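Shown next, in structure tokens, is the structure this report addresses.
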Amino acid sequence: MSYEHEPQVSILMKALNEEQHIRDCLISAVREATAVKGEVILVDSVSTDRTVEIAMKFPVRVVQFLDPLDRSCAAAVQLGYQYARGHYVYVLDGDMILQPGFLRHALNLLCRDAKLAGVAGRLIDSQVHNA
């Protein structure tokens, strides 16, 4: 993805061995980034499966830790942030899917109300069933 100006939003996708989920996650992130003139950055924590191989087939930037000892959730966000060019940042786990239209709606809210520092969505977990 290339833009004349900086992207409106950078989607930072954290991943570690997400081969089973990464394709669907990337499809949703690229769809949303395209709709809002954004970018997608996959931050890989030295996966040992096909996560990076799958991601390289998408129009995303892939960055990866050199040493597995450096990885953590916070470090992944920080590494992605160093490459982000967007005015806003959205953090997504590699096993999540963005709902269509979410980023457009979130950005509209942020642009309309200067008092907002961020917008969060609702997590719908389809894998865990508990009270």
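The values are calculated or read from the model by the stated rules, or taken from the named source; none is laboratory data. Note that the structure is predicted; figures quoted are calculated from it, not measured. For neighbour counting, all protein chains shown are included, and Cβ atoms are generated from backbone atoms with ideal geometry for every residue, glycine included. Accessible surface areas use protein heavy atoms only, side chains included; no ligands, DNA or RNA. Shrake-Rupley method; radii C 1.70, N 1.55, O 1.52, S 1.80 Å.
Counting pairs of alpha carbon atoms under 8 Å apart in space and at least six apart in sequence, what relative contact order in percent does the chain give?
After rounding, I find 33 percent.
Got the relative contact order for the range 1-62 handy, in percent, Cα pairs under 8 Å and 6 or more residues apart?
Reported relative contact order: 42 percent.
Quick check for you: with a 1.4 Å probe and neighbouring chains kept, what is the accessible area per residue of the chain, in Å²?
For the chain, the per-residue accessible area is 63 Å².
Out of the range 52-131, which trypsin sites (Lys or Arg not before Pro) are coil in DSSP terms and have no more than 16 other C-beta atoms within 10 Å?
Loop-located and lightly packed - LYS57, ARG85, LYS115, ARG122.
Solvent-accessible area of HIS87, probe 1.4 Å, all protein chains present, reported in Å² to the nearest ten, please.
Estimated to the nearest 10 Å², HIS87 gives 120 Å².
If the chain between LEU123 and TYR81 were fully stretched, how many nm would it gain, using 0.36 nm times the residue separation less the Cα-Cα distance?
12.9 nm
Lysines near LYS14 by alpha-carbon distance under 24 Å, same-chain residues fewer than 8 away left out - which ones?
LYS37, LYS57
Each residue of the range 105-115 in order: what ³J(HN,Hα) in whole Hz does its phi give by Karplus 6.51 cos²θ - 1.76 cosθ + 1.60, θ = phi - 60°, with x for Gly and Pro?
Each residue's phi maps through the Karplus curve to give 5, 4, 5, 4, 4, 5, 6, 7, 10, 5, 7 Hz.
If I model a spin label at THR34 and ARG112 as a point 7 Å from the Cα along the Cα→Cβ vector, what separation in nanometres do I get?
Taking the two extended label points, one gets 2.7 nm.
Using amide H atoms built in the peptide plane, which far-off residues or other-chain residues are under 5 Å from GLU18 H to H?
When sequence neighbours closer than 5 places are left aside, the close amide H contacts are THR51.
Size of the dipole of the chain about the Cα centre, Lys and Arg at +1 and Asp and Glu at -1 on the beta carbon, nothing else charged, in debye to 20?
So the magnitude is around 480 debye.
At a 1.4 Å probe radius, carbon and sulfur cover how many percent of the accessible area of the chain?
52 percent
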